[in-house]
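Here is the structure we will look at.
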Amino acid sequence: NIIESWTLYLRSLGDDKNPLFHNLYESTNVFLHDLEDGRILPVIITSTEMTYKTRKNQGRKLYTYQINVESAQRKLRM
């Protein structure tokens with residue numbers, strides 16, 4: 001079996017909208033859009049925890065969210 005996996009780095013949406021990220025983590029219907037190849041792939045979020053970040057708790061610095069995902073479709077090498 002071949003399992004594709006990716007690490008995604010998402011920039012902040014702003015302190016007022018960052019609490020919406022929990023909807024992404026809790027969703028069972030997540031897709032990754034590869035803009036270079038034009039593919040849309042179903043993925044499973046494998047990150048086990050999420051930290052709510054704000055400019056205040058990040059020392060007034062810009063921050064990103066890191067999310068680990070893997071393909072929901074398994075590939076077989078023949």
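Under a GNM of the chain (C-alpha, springs under 10 Å), which listed residue has the highest mean-square fluctuation: Leu62, Leu13, Leu41? Looking only at Leu62, Leu13, Leu41, the largest GNM fluctuation is found for Leu62.
What the chain shows is 80 Å² of accessible area per residue, with the surface traced by a 1.4 Å probe over protein heavy atoms.
The GNM of the chain, with springs linking C-alpha atoms under 10 angstrom apart, assigns the highest mean-square fluctuation among Thr28, Thr48, Thr64 to Thr48. Near Tyr63, once Lys and Arg are set to +1 and Asp and Glu to -1 for all other residues with Cβ below 9 Å from its Cβ, the sum equals +4. Taking only the Cα atoms of the chain, the ratio Rg/Rh comes out at 1.04, with Rh defined as the Kirkwood radius. Couplings 3J(HN,Hα) for the stretch 43-48, derived from phi with the Karplus relation 6.51 cos²θ - 1.76 cosθ + 1.60 (θ = phi - 60°), are 10, 10, 6, 9, 4, 9 Hz, where x marks Gly and Pro.
Which one of Tyr25, Tyr65, Tyr52 has the biggest mean-square fluctuation once the chain is modelled by GNM with Cα springs under 10 Å? Judging by the Gaussian network model, the answer is Tyr52.
The values are calculated or read from the model by the stated rules, or taken from the named source; none is laboratory data. For clarity, every value in this text was computed on a predicted model and none was experimentally measured. Note: ideal-geometry Cβ built from the backbone for every residue, glycine included; neighbour counts use all protein chains shown. With ligands, DNA and RNA removed, areas are computed over all heavy atoms of the protein, side chains included. Shrake-Rupley method; radii C 1.70, N 1.55, O 1.52, S 1.80 Å.
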